[in-house]
Amino acid sequence: MAKSSVVTKPRDILGNSALRPDGAHKVQGSFEFTSDLHAENMLWGATLRSPHPYAKIMSIDTSAALALPGVHCIITADDVPGKSTYGLISSDQPVFASDYVRYMGEPVAAVAADHPETCRRALALIVVVYEVLAPLTNPEDAIAGSFDPIHPDGNVIRHQRIVRGDQNISGPIVVEGEYVIGMQDQAFLGLEAALAIPDPDGLGLHLHVATQWLHEDLTQISACLSLPAEKIRLTLGGVGGAFGAREDISLQVHCCLLALKAGRPIKMQYSREESFFGHVHRHPATIFMRHHADANGKIVKIDARFVFDGGAYTSTSPAVLINGITHTQGPYKCDNATVDGYAVRTNNPPCGAMRGFGVVQACFAHESQMDKIAVAVGKSPVEIRLINAMVTGDPLITGQIMESVAPVARCITETDAIPLPALMGETVNELSLPGGSGLTASRSHIVRGIGWGVSMKNLMYSEGFDDFATARCTLKDGVASLKFATSEVGQGFVTLAPQIARSVLGVDEVILEPIDTQIGSAGSTSASRQTWMSGGAVDGACRLVRERLFHHVGKQHSIDPLRLVIDGTDVIDQVGTFRYSVAEASEGIEISETFEHHHRATEELDANGQGNCHTAFAFVAHRAVVDVDPELGLVKVVQIATAQDVGRVLNPLSAIGQLEGGIAQGLGLAVMEEIIMQNGKVRNPSFTDYLLPTALDAPDVVAVMIEEYEPQAPLGAKGIGEPPCISVTPAIVAAIRNAIGKNIERIPVRPQDICL
Amino acid sequence: MSANEFYSLHVNGKTMPVQDSWVGESLLYVLRERLGLPGTKGACEQGECGSCTVLMNGNAVCACLVMAATAVNSEIVTVEGITSESTLTDVQQSFVEEGAVQCGFCTPGLIVAVHHLLEKNPQPSEFEVKEAISGNICRCTGYGRVFAAVEATIRSRNEVK
Ligand code: FES
Ligand code: FES
């Protein structure tokens, strides 16, 4: 059951469309996802969750459930031997609620039994007496202090201001708006799953889990179990997508506790409904923005206020807030700003990481504002963005200098150069109309619109966090083995890592060792960081190995190792005739090196929001073309044109997959995806009621990759995972506004926002 | 669990006894947990995502919506039944080569759906392809590479002819 290593062979170096090493298994159905794992003597685990957004727990009676045949054990807060709480930034979330439940779906108990159905019945037999309390659901109540603290840490998770430049300056042009962003779900397909196998001595365990960050999980699990980290081994199970939802702990601690208590392997797997309660979502937010501009439309000053609803527990809310407010200006020059930002605690579901991480929300606001400035000064959406486009060397509103390559204007002009799609013909297939088959009234009513969105996104971690990734490379007999703890969630690091090894070392065959905690941390598969960070670590380890190989060859053949280089699969003397294959050169020896890649240091923000808080940035432009039926309020996104700043394309096939996939998620937020809340209760926790883009919703995507080598990046390549899903959303909304001539300031855009 | 049912299913050309099962189990559960065929995935158990697509008497169905015990007289084909031991099918090959696989969780369901589509309709139009796979949610790819994979398969079949 332990995943064997993957061997990849073709001569695919950086820049080629190397194919996924796990592709064949995935198309055959033989790739082992975490939910496919089994162990001898295994039991199933399941979680009892609160039906109330806010309530006091008066009593928990598990006796009837325990008496059910097939039930092995039940655990509650009393059974947590170590720290009773966990959390990525602040450890404020209970493993199990003991006194209060603070959101609908909060775990209260867990059961281990012989069959999933036994688990379900046992959960139904656990009697929890609650005193139901009125929930805090309006973030403004949390800020105003008008509601008693719902948590000992208070109702404001973080408040941060940015004060920059002339606070009193104004412009002849002033536009403003209040933008509302709904709660989006990551909706990865592979549900949360884990298999915990206790050691025979009962003093430790091995957890196979679908996660984004093995080592962070390990740290949190070890504290809650009160077990030293050496006693816990984590192995990455096959992961069916993540998009931020696997950065926080979900079932990890529960599964381990059950395994230790039952003394048997425990498998846990959420249902789709439970998954909606079991992981954090994208923060719903309300953002007020007022832009002052000169008569030409150049931004003079921005005033903004951000309110992120963090839900019941902290998760990554403080970092999401900082990302949001520090991207107030978007990819535009701005010297003066006053920004006030809050992340607050409510009895809504906890919110945290999702692809775009706070910048998605900010971008919807600033891009809506850019269009308002354009209208006010009589310029086109493209003109207004080009006038304001940021360049390398510009100061940000945090005072940080933009040091990354910043081809903002190029993103815009190259997107603009992409041909527009043909107008709808009379013979168009009705499936391509807004609403699809049978829903659209009359095609003569359909109107077309075009809209723009451009964004800036920080890459990697911020605010002084020492972010690093570790990798080991071992060269033996012409074969390279790579070891890292980098979570492969579908993004394709397992494709990229062998490409790096082949390019640096001239090897053909690369073995990928199991992804687990038997090596140092790789950090999280998030923040568009793994190509840069783990890619940098693999590159660094391979370079160290290469250096030693050159020394070895140099010594053997009396050549100065500094004259040796890799050419294809050979070691050659660049000023002589010596040529020797890497396979021969490394025959009979084993060279192994481990490398830790750290990105440059960043700083915390001061009280005025000033400081070099981010590591690097990437940019992208999107142009959306939509068809709208204004009577029915239905939208079909026809085409998305995009030009993305990628630094350097390392794998064209993987890159286009990231762009198209991100665009689909941004489309979802624009027109369909929302977790609907009512007084703290989730109303649509299913794929029947939470709508996701299908093949019929997919627009034509025309993409240009802008390659301007990023000197700060180890491979010259920027992270490309998040930007695709950021500015596509405002572009689509702008296109809808353009089609129907109505201002819309809320996403997702609902039929009633269009037609009423 | 009161486990007392015994029946057999016909899966991938074989008769497979199902022992000790509870009568409420779905075909998805029985394939995955009792018959050792985990290729069929579950992501919603509500008939909305298509991850669990299998063929039942030649029709594409959601295995999560079928009670296993009601499938006793049906011929069931799963992704494992489509897969040959030695090589990838042309559809599978195209999925790998065209980048239609990222996390791969939706993939087995899509492979079954596309095989089924091309069997029923060897020259589908763009919209017939989209409609045929519109019941298969993929969260990673945005579908662009999936369309490319289907087109590549059709192209290669036409070239062979
Ligand atoms: S699991 Fe059957 S359709 Fe989703
Ligand atoms: S590849 Fe991940 S859901 Fe389709």
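Values quoted throughout were computed directly from the atomic coordinates according to the rules given, and no laboratory measurement underlies them. Bear in mind the structure is a predicted one, so any value in this text is a computation, not a measurement. Because the Cβ atoms are built from the backbone with ideal geometry, glycine has one as well, and the counts that use them run over all protein chains shown.
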task = Examine region B:26-39 for a residue that is farther than 19 Å from A:D36 by Cα, free of Cβ contacts under 8 Å to residues at least 40 places away in the same chain, within 16 Å of ligand 1 (Cβ to nearest atom) and more than 11 Å from chain A (Cβ to nearest Cβ), and state whether such a residue exists.
result = no
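Okay, residues lined up against (1) of a type in the set (S, T, Y); (2) surrounded by fewer than 17 Cβ atoms within 10 Å (Cβ to Cβ); (3) closer than 22 Å to A:H25 by Cβ:
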site: B:L27; (1), (2), (3): no, no, no
site: B:P38; (1), (2), (3): no, no, yes
site: B:K41; (1), (2), (3): no, no, yes
site: B:G58; (1), (2), (3): no, yes, no
ask   = Quick one: how many residues across region A:560-588 are touching a helix residue (DSSP H, G or I) at 6+ places or on another chain (Cβ under 7 Å) and of a type in the set (A, V, I, L, M, F, W, C)?
value = 7
remark   = Just one listed residue, out of A:A362, A:A406, is in a helix (DSSP H, G or I) and under 23 Å from A:E603 (Cα atoms), and it is A:A362
ask   = Within region B:43-56, how many residues turn out to be buried (at least 24 other Cβ atoms within 10 Å of the Cβ) and in a strand (DSSP E or B)?
value = 2
ask   = In region B:64-87, which residue that is outside any loop (DSSP other than H, G, I, E, B) and within 11 Å of chain A (Cβ to nearest Cβ) is nearest to ligand 2 (Cβ to nearest atom)?
value = B:V79
query = Hey, which of the strands (runs of 3 or more DSSP E) in region A:517-590, taking only ones fully inside, have at least 2 residues that are more than 28 Å from the chain's Cα centre (by Cα) and among the acidic types (D, E)?
reply = A:570-573
task = Find the residue count for region B:130-148, including only residues that are in a helix (DSSP H, G or I), more than 7 Å from chain A (Cβ to nearest Cβ) and among the small types (G, A, S).
result = 2
ask   = Just one of the numbered conditions (1) within 14 Å of chain A (Cβ to nearest Cβ); (2) within 16 Å of ligand 1 (Cβ to nearest atom); (3) among the aliphatic types (A, V, I, L, M) is not true of B:V23; which one?
value = (2)
query = Got a number for residues in region A:387-404 being farther than 21 Å from A:G647 by Cβ and crowded, with 17+ Cβ neighbours inside 10 Å?
reply = 5
query = Has region A:213-235 got any residue that is in contact with a Ser or Thr (Cβ under 6 Å, 6 or more places away or on another chain), within 14 Å of chain B (Cβ to nearest Cβ) and either free of Cβ contacts under 8 Å to residues at least 12 places away in the same chain or not hydrophobic (A, V, I, L, M, F, W, C) (or both)?
reply = no
query = In the set B:V101, B:V114, B:V96, which member is at the interface with chain A (Cβ under 8 Å from one of its Cβ atoms) and part of a helix (DSSP H, G or I)?
reply = B:V96
Looking only at region A:674-689, and only at residues there that are among the charged types (D, E, K, R) and out of contact with any strand residue (DSSP E or B) (no Cβ under 9 Å at 6 or more places or on another chain), the one that is farthest from ligand 1 (Cβ to nearest atom) = A:K681
ask   = more than 16 Å from the chain's Cα centre (by Cα) and away from ligand 1 (no atom under 15 Å from the Cβ) - does that describe any residue in region B:105-118?
value = no
request  = Would you point out which residue out of A:T76, A:T85, A:T62, A:T34 is more than 26 Å from A:E509 (Cβ to Cβ), within 14 Å of chain B (Cβ to nearest Cβ) and among the hydroxyl-bearing types (S, T, Y)?
outcome  = A:T34
inquiry  = Regarding region B:119-129, can at least one residue be identified that is in contact (Cβ under 8 Å) with a residue 12 or more places away in the chain, over 25 Å from A:P21 (Cβ atoms) and within 7 Å of chain A (Cβ to nearest Cβ)?
reply    = no
key: Some residue of region A:210-218 being crowded, with 17+ Cβ neighbours inside 10 Å and hydroxyl-bearing (S, T, Y)   = yes
query = Would it be correct to say that A:F96 is within 14 Å of chain B (Cβ to nearest Cβ), part of a loop (DSSP other than H, G, I, E, B) and of a type outside the set (G, A, S)?
reply = no
inquiry  = From the list B:G135, B:G142, B:G109, exactly one residue is within 16 Å of ligand 2 (Cβ to nearest atom), surrounded by fewer than 20 Cβ atoms within 10 Å (Cβ to Cβ) and of a type in the set (G, A, S). Which is it?
reply    = B:G135
inquiry  = Looking only at region B:46-61, how many residues end up being more than 16 Å from ligand 2 (Cβ to nearest atom), more than 13 Å from B:V11 (Cβ to Cβ) and either within 12 Å of chain A (Cβ to nearest Cβ) or in contact with a strand residue (DSSP E or B) (Cβ under 7 Å, 6 or more places away or on another chain) (or both)?
reply    = 4
remark   = Scanning region A:102-123 for residues that are among the aliphatic types (A, V, I, L, M) and more than 26 Å from A:Y313 (Cα to Cα) gives A:A112, A:A113, A:A122
request  = Return the total of residues in region A:685-713 being within 14 Å of chain B (Cβ to nearest Cβ) and assigned to a loop (DSSP other than H, G, I, E, B).
outcome  = 15
key: Any chance B:G81 is crowded, with 24+ Cβ neighbours inside 10 Å, small (G, A, S), in contact (Cβ under 8 Å) with a residue 12 or more places away in the chain and within 30 Å of B:G144 (Cβ to Cβ)   = no
